[in-house]
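A short write-up of the structure that comes next.
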Amino acid sequence: MEVNPIAVLLVYMDSKGDRLLFRYPYENVYKDKTPLHSMPLAASAPVLNNPPLVDVAMSSSTTSLVSQVSSDTSRKRNPYAISSSDELLQTAPPPNTAPANVFGVYNSCCNTVPKGQLEGFTDEVLSTLFAVKQQLCNQKLELKVNDVRFVSHPTLIPRNEHRNSAGNTSNASNTSNTSLPLAAPTTTTSATIGTATASSLPQPKSQPQQMLINIVFALHAQASYSIVKCYYELSKRLGLALRFEEQRASYCTEETMLMARTHDELSSQQQPLERTFDAITERCTLAQALKSIYHDLCTTGLLNTTLNQYLTVSFCLPQKAHQLHKKGSMVDPEVIDRCLSSLKPYHGMLLVDYAELLDCVPPRAARMLLQLVEIYTPLMSLQMLASEADMSIEHVYKMVSHLVYWGKATIIYPLCETNVYVIAPDAPLHTKSHLVEKFSARFAGMSLFDAIAHFSLPTSIGHLTTPLQQSARQGMLAQMVVWMLQHHLLMQLHTYVQFMPSDLDDFYGGVSTMNVAGSDYSACSDGVNEHKSSLMDLQEGTTTHSSIGVGATGELLISPLSRSMNVSDDELNAGSLLSCASQPLPVPHTSHRSITEDRYSGGCSTASDNIVAQPSSSHKSNYSMTASISTENCDSIASIEDEERIKELLSVFNDADRAAIRRIPASTNIDDLSLLVKLYQAGYFKSEHHLEEIMYFQSLRPAELLQLLDKFRDVLIIYETEDPAIASMYNNK
Amino acid sequence: MQVSTNDYYEDSGREGQIRCIFLSEFHATAGCKISCQVPADYVSKEVFDAINVYIIPKPHLQRCILTVNALDIKVVGYPVGIENQQKYARNAFLFNLCFVCDSWARSVQYEPVVKKLSEYLIMMEEESCFLSKEGDHKLKLQKIFETVIKDLNEKKVTTIVEGDTTIYLKIVIHKPDPPVVKDHMVPLLLVDFKNTPLDKWDLTTQQIFPYINGINHIARIAAEADVETNLVKSCIQNLAYYGVVHLLPILKYSNVYMCTQHLKSLIKMPSLSQACRKYVALNSDKTHPSIQKVFQFYASMTHGVTLRAICQRLCPQNYNIDERKLVIFGLQHKFIRCIHKYPVFTGSVPSGRQKMYTGLSSFDEICCKTGLSPLDIERDIDKDTNVTVIWK
């Protein structure tokens, strides 16, 4: 996986030189590639301390293995040895062979990182690369070598020299607390002696001695910009934490000294480098911290590492953290930011991961979060959460944003009976999915597929339950919906409104043709339809038999013939046109709003039937209504004030739009018209706001709004789609 | 899932121009220095000194493509060392030809170019000491760099003749992997390529080209063009990689579509709505269909409503709308999304065709694989109580 780091390195530099103090993982980096026959030679060379023998070793192992030998013996390398040019890195193919010939794998990855290991880079090379010059410190450094990308924030840390004695005592208490291995006390004392001698050297007093600590992450070169940015952020954060700890307790001085000592000690015993790093990991808390950071990044992407038992560094790699509830998805922080920036007070929060919820905050910051989580339910909007928890809405936003970023929560529209859900387009629903078992473990005896098949058509909880078997089943259903939302299997649909009056020419032209078409249609619809469809069936049958593989898909081939489209509908929504008015179920527009006890109740059953634009009926009725308008106008002309008020209201529209609105009978009702104008002026009819949002911000009751939309349906087009704020977190391909 | 690996490259993926080209060498007495730079002083001495360890690195990193991004510049280099005890004062000549870009810019596409140009320079150096000799060579080199930077930024390709050597360079843009092409997908040729003469394409493309019409699916194209299916798939994949075709789901009147949040851009962008009205017109001589009708058509697409039902309700022909083109345009611009049907086998041991009902292959795919009509599959599934159908 390109998200995982290949390695983490710790490079140190001070006035005396640079050194790679620690790298992780270090297992197999050295041993695997050295052939057995050259091992004893290389190992024996330093033992004998005989430079000519090293030369023999170097020249005997000729090709690509040289670098390994040289890495083992790098510290004792004979300065006169001939450097071989055939080293490991150079044998690697260039990272980007352009896709000149086409049908192969496109972006073939070359391997300096086989098995995800950082190979071919000796400690010496790495340390010279990352012990950077002063000008490059305290800013981003990115280096790409073939297909490995190194990213870091080299941090200059002023050495804390005033704490010699104090540092000693605190260190002693530390060692007693953590029960370091036996070697530790001796080395730490020598370390402090080291600092003592260093500080006793004649130095310009005004300038405290500085050291450079560079925590470098080696990544795959294909890792995206945002991944690289996250790792840079982490390196920077760790650098700052180390600087703080150095100021507080001379932590860096001690740890780096300890590491350096261990290096010297073990290499003087001719121990292999792995052993050295083993010892460092045992002795140094900083090395342990880096090791745990590496492992956390590879597993969860969530870090909570305490440095020196004092300072907690928490960090989240969203690209990794958001894979837990849905494998294979990659959520960039930019996407999360986009989602969070469009957060509204009517949105709700859905916690994904109760158990490990408080991982994401340092313990001291947990109180506020607990306060929020205690009162939380997925039924509440953020606004309600804020007032219940007695916090400001901005504060709630911040906490919710934090939870979402850390993959602990997702944004939803607060759960309610009337919310309409469908299966998310990218829902990983297949027989091998791990979610199938997870679901049946959570809901005993239930099948995920059976449960979710209900949402193949847009459906609400209210719709799936009947008043008779209410409470138990509804509770169960709600639980399932919550589970599916947590796993991003469901997506909520919202209704959007677009103001769009048809222009006059189109209107009259449409009506005239429409009438013809309508009669034409009604003539053929009932009887002929049947007949034709059976004919088509026959045709399909013949194609199936005659053609091979391709044509056999029958319906898949659209011949101009079938454009007469009278083939009977074989889907669930058979004959949807004819039945859509009388039978509300299969057409979602009508289905979810005509639920008896929902919020939309009252007057909406009439609304719902006609809310889908049905030109055949609506245009006709329009036509007849234009005739009736004049009479109505005559009636209402009594109140001239009203008429003027209407004119005034209509003045916000341009001429064509005004004419179109005039044709609607409801435009003579001042209340209706003023509400329409108000919403229009507020920009709610531009496909930007769903009905829930309009209701929330305009404090409208559902019935009011739906009635209005129905009355003005000739100039408004209504459609359903997902809330972009929430949908951005789904992986829409 | 397979898309993710190469979708992303460094720095937000934006491409930037080459700002500067320089040649750096390790001088026998002066150490690391820039010996030739175009434009002059783009990389200042201070900046160069800070990063020279990455420009002239240890021998271990020679002949690696090395990119360093620091101090607001991004330097792509290919450090080289030529050993020759007779010729050179220090027994070796170390140099590095570097391209400099903005620190935000993507630079992978320059890597092969840097390497190739370096190889030319190595050759010229080995033959005539072009780089190491003092004299007017530096001027020639400067000329070369000037041409390279100008041509590559403008035309992405350049040819330079210098003495006996002819240098050919071309920037190949690195694109994300193309999608996997399956039997049931429909390639749609993008407008820009409609008028490309047939003989400009490769042989396979020439053969299948007449059948790419936005209606035919891969298996049908293969059958009609009499080309092996896998060959067609590879060819279409290639075309998709270069952005010549767009892959769409097959168009059926029993298909269900839903509109997406992008539908609003049809209203917001007048150019798009003009293009749409022109494209979806049934008869281009008549007045183009009104945007209201087009929008209404899209808006009525939702779960559970087939294309056929919408056509019956709205009668698109009466408004000079070709519903097939309307669907194609919508899919292409992501106004609408096809909602596919996935049969899932929920029993214990699948047998026969049930093995295909994994939830991974859609109805269309199964139809293409089995050669059965959707109706047959439909009946098959209706009978089987162990199969659930999911729409998504």
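The values are calculated or read from the model by the stated rules, or taken from the named source; none is laboratory data. Everything numeric in this text was worked out from a predicted model, so none of it was measured. When we count neighbours, we look across all protein chains shown, and the Cβ atoms used for this are built from the backbone with ideal geometry, even at glycine. SASA here: full protein model, heavy atoms, side chains in, ligands and nucleic acids out. Shrake-Rupley method; radii C 1.70, N 1.55, O 1.52, S 1.80 Å.
Quick one: how many residues across the range B:47-74 are charged (D, E, K, R) and within 7 Å of another protein chain (Cβ to nearest Cβ)?
2
Is it the case that B:Pro343 is touching a strand residue (DSSP E or B) at 6+ places or on another chain (Cβ under 9 Å), in a loop (DSSP other than H, G, I, E, B), buried (at least 21 other Cβ atoms within 10 Å of the Cβ) and more than 7 Å from chain A (Cβ to nearest Cβ)?
No, not satisfied.
Could you tell me whether the range B:139-161 includes any residue that is within 21 Å of B:Val53 (Cα to Cα), surrounded by 15 or more Cβ atoms within 10 Å (Cβ to Cβ) and out of contact with any Lys or Arg (no Cβ under 8 Å at 6 or more places or on another chain)?
No.
Hey, B:Asp177 hits all of (1) in contact (Cβ under 8 Å) with a residue 60 or more places away in the chain; (2) over 24 Å from the mean Cα position of the chain (by Cα) but one; which does it fall short on?
Result: B:Asp177 fails condition (2) only.
For residues that are free of Cβ contacts under 8 Å to residues at least 40 places away in the same chain and within 21 Å of B:Trp391 (Cα to Cα), scanning just the range B:305-333, find the one that is nearest to the other protein chains (Cβ to nearest Cβ).
Among residues in the range B:305-333 that are free of Cβ contacts under 8 Å to residues at least 40 places away in the same chain and within 21 Å of B:Trp391 (Cα to Cα), the one nearest to the other protein chains (Cβ to nearest Cβ) is B:Ala309.
Could you count how many residues in the range B:294-304 are open to solvent by less than 20 Å² (accessible area, probe 1.4 Å) and at the interface with chain A (Cβ under 7 Å from one of its Cβ atoms)?
6
Just need a number here: residues in the range B:143-191 that are out of contact with any Leu (no Cβ under 8 Å at 6 or more places or on another chain) and closer than 29 Å to B:His340 by Cβ.
Counting residues in the range B:143-191 that are out of contact with any Leu (no Cβ under 8 Å at 6 or more places or on another chain) and closer than 29 Å to B:His340 by Cβ gives 10.
What single numbered condition from (1) assigned to a helix (DSSP H, G or I); (2) open to solvent by 30 Å² or more (accessible area, probe 1.4 Å); (3) at pLDDT 90 or above; (4) more than 14 Å from chain A (Cβ to nearest Cβ) fails to hold for B:Lys115?
Every listed condition holds for B:Lys115 apart from (4).
Considering only the range A:436-466, state which residues are open to solvent by less than 30 Å² (accessible area, probe 1.4 Å), part of a loop (DSSP other than H, G, I, E, B) and closer than 27 Å to A:Cys339 by Cβ.
The answer is A:Pro458, A:Ser460.
I'd like the full set of residues that are assigned to a helix (DSSP H, G or I), over 37 Å from the mean Cα position of the chain (by Cα) and farther than 22 Å from A:Pro428 by Cα, limited to the range B:348-383.
Within the range B:348-383, B:Gly352, B:Leu375, B:Asp376, B:Glu378, B:Arg379, B:Asp380, B:Asp382, B:Lys383 meet the criteria.
Does A:Ala444 qualify as being under 24 Å from the mean Cα position of the chain (by Cα), more than 11 Å from chain B (Cβ to nearest Cβ) and among the small types (Gly, Ala, Ser)?
So A:Ala444 fails the test.
Considering B:Glu146, B:Glu126, which residue is touching a strand residue (DSSP E or B) at 6+ places or on another chain (Cβ under 8 Å) and under 23 Å from B:Ile65 (Cβ atoms)?
So the residue among B:Glu146, B:Glu126 that is touching a strand residue (DSSP E or B) at 6+ places or on another chain (Cβ under 8 Å) and under 23 Å from B:Ile65 (Cβ atoms) is B:Glu126.
Answer with yes or no whether B:Leu247 is modelled with pLDDT of 90 or more and either among the hydrophobic types (A, V, I, L, M, F, W, C) or touching a Leu at 6+ places or on another chain (Cβ under 7 Å) (or both).
Against the criterion (modelled with pLDDT of 90 or more and either among the hydrophobic types (A, V, I, L, M, F, W, C) or touching a Leu at 6+ places or on another chain (Cβ under 7 Å) (or both)), B:Leu247 qualifies.
Those residues that are within 9 Å of chain A (Cβ to nearest Cβ) and of a type in the set (Val, Ile, Thr), I need them from the range B:244-286; list them, please.
Scanning the range B:244-286 gives B:Ile250, B:Val256, B:Thr260, B:Ile267.
Here are A:Ser471, A:Ser433: which of them is open to solvent by 10 Å² or more (accessible area, probe 1.4 Å) and more than 29 Å from B:Asp384 (Cα to Cα)?
Going through A:Ser471, A:Ser433 in turn, the sole match is A:Ser471.
Restricting attention to the range B:43-59, which residues are under 18 Å from B:Asp102 (Cα atoms) and open to solvent by 30 Å² or more (accessible area, probe 1.4 Å)?
Residues satisfying the conditions are B:Ser44, B:Lys45, B:Glu46, B:Val47.
Among the listed residues B:Thr302, B:Thr388, identify the single one that is within 28 Å of A:Ser433 (Cβ to Cβ) and under 32 Å from the mean Cα position of the chain (by Cα).
B:Thr302
Any residue in the range A:413-423 that is in contact with a strand residue (DSSP E or B) (Cβ under 6 Å, 6 or more places away or on another chain), away from chain B (no Cβ under 12 Å) and over 30 Å from B:Phe297 (Cβ atoms)?
Yes, that holds for at least one residue.
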